[in-house]
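Notes to accompany the following structure.
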Amino acid sequence: MPDFSNQVAFITGAGSGIGRATALAFAQAGAQVVVADIDETNGTQTVREINRLQGPEARFIACNVASPEDVDAAVRQTVEHFGRLDIGINNAGIGGAYARLADQTLDDWNRMLAINLSGVFYCMQAEIRQMLAQGGGKIVNLSSIAGVRGMIKGGPYSAAKHAVLGLTKTAALEYVRQNIRVNAVCPVYTHSAMVDELINSSPEMEQRMRRVIPIGRFGQPEEIAQAILWLCSDENAFCTGQAIQMDGGLTAG
Ligand SMILES: NC(=O)c1ccc[n+]([C@@H]2O[C@H](COP(=O)([O-])OP(=O)(O)OC[C@H]3O[C@@H](n4cnc5c(N)ncnc54)[C@H](O)[C@@H]3O)[C@@H](O)[C@H]2O)c1
């Protein structure tokens, strides 16, 4: 397991699903963790779970990633409290309306871009500014298999996740000489609040979703978390600007 002792990880959307699993994994690997989430109840629950490990300190910071002021304040509070920010995991996101393009509403489109794209942009800006000041860092953005393929009835989601990869690759090129590595992970359906609702909506839906994944099952949040840790580890110092597809073989075909 990589060792993140004396490093500070700032994780958005860490109140649930992949974000929570990632926060726990970083804490187990010795990092101090900031759980940044819009949902205080779930965010503080993640902190409680980390505290049970009796490891390094974890802290909840309320943050709506769609607000640049919130994001700046959350990163500022992180640095004021822990003294630095080594790792930024830009994970907060929503699933959005499940409808074909012509039936999507403008409100849903704007909300999707505000959280899943602008949210990542605001976080990257704040994190990179701090990392430049302290001499380096690692960023992982949550894209999706919908960020490398189209997604029927998920146009705004797919558009936002494609754009996240554009930000990832560009920032990787811009800051590679400043010791900042920027990568992304692209999960296929993974058990979490976001997709379990869809999976459980009907037996046919579960069958249909499972059928497209060659490995024959959904991902587990802990599996995505391990990929994120590896991307941030020193063992991975040569890898930047990449999108790792965590998809049970889907895009191999
Ligand atoms: N689960 C999957 O199958 C899957 C697949 C591909 C990509 N992803 C991506 O992984 C990320 C995590 O998804 P998940 O499945 O764990 O979802 P989830 O719904 O379990 O967790 C999302 C978290 O983000 C938080 N959040 C939502 N809006 C926010 C905002 N405006 N500001 C701050 N926090 C906010 C929620 O409160 C929640 O804690 C998302 O970006 C998602 O698009 C998930």
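Throughout, read-outs are computed from the coordinates displayed, never taken from laboratory work. Predicted model, so just to flag it, every value in this text is computed and none were measured. Counting neighbours? That spans all protein chains shown, and the Cβs are built from the backbone with ideal geometry, glycine included.
Rounded to whole Å, give me the distance from the Cα center of region 5-20 to that of region 149-164. Going from one Cα centre to the other spans 24 Å. Amide H contacts of G88: F10, K138, I139, V140, each under 5 Å away and 5 or more positions distant or on a separate chain (H built 1.01 Å from N in the peptide plane; Pro and chain starts excluded). For region 10-18, 3J(HN,Hα) computed residue by residue from phi via the Karplus equation (6.51, -1.76, 1.60; θ = phi - 60°) reads 9, 10, 7, x, 7, x, 7, x, 5 Hz, glycine and proline entered as x. Derived scalar couplings between HN and Hα for region 47-56 equal 4, 4, 5, 5, 4, 4, 6, 6, x, x Hz in order, rounded to whole Hz, by the Karplus curve 6.51 cos²θ - 1.76 cosθ + 1.60 (θ = phi - 60°), x for Gly and Pro.
For the listed peptides 212-222, 19-29, 188-198, a ranking on the average number of other beta carbons within 10 Å per residue, highest first, reads 19-29, 188-198, 212-222.
Among 235-247, 117-129, sorting by the average number of other beta carbon atoms lying within 10 angstrom of each residue, highest first, gives 117-129, 235-247.
Between T190 and G219, the built amide H atoms are under 5 Å apart, and every one of these is 5 or more places off in sequence or on another chain.
Between M1 and H81, the FRET efficiency from the beta-carbon distance, with R0 = 25 Å, is close to 0.45. The HN-Hα couplings worked out from phi for region 189-205 by the Karplus form 6.51 cos²θ - 1.76 cosθ + 1.60 (θ = phi - 60°) are 3, 10, 4, 6, 3, 4, 9, 4, 4, 5, 4, 8, 5, 6, x, 5, 4 Hz, whole numbers, x standing for Gly and Pro. For the chain, averaging the sequence separation of C-alpha pairs within contact (under 8 Å, six or more residues apart) and dividing by the residue count gives a relative contact order of 19 percent.
Dividing the Cα radius of gyration of region 8-252 by 2.2 N^0.38 Å, with N the residue count, gives 0.96. Database remark: amide H of F60 closer than 5 angstrom to the amide H of V35 (H placed geometrically; neighbours at sequence offset of 5 or more, or on other chains; Pro and chain starts carry no H). Summing Lys, Arg as +1 and Asp, Glu as -1, what charge do residues with Cβ under 13 Å from the Cβ of E206 carry, E206 excluded? After counting each charged neighbour, the total is +1. Each peptide in 171-179, 93-101 was scored by the mean count of other Cβ atoms within 10 Å over its residues; highest first, the order is 93-101, 171-179.
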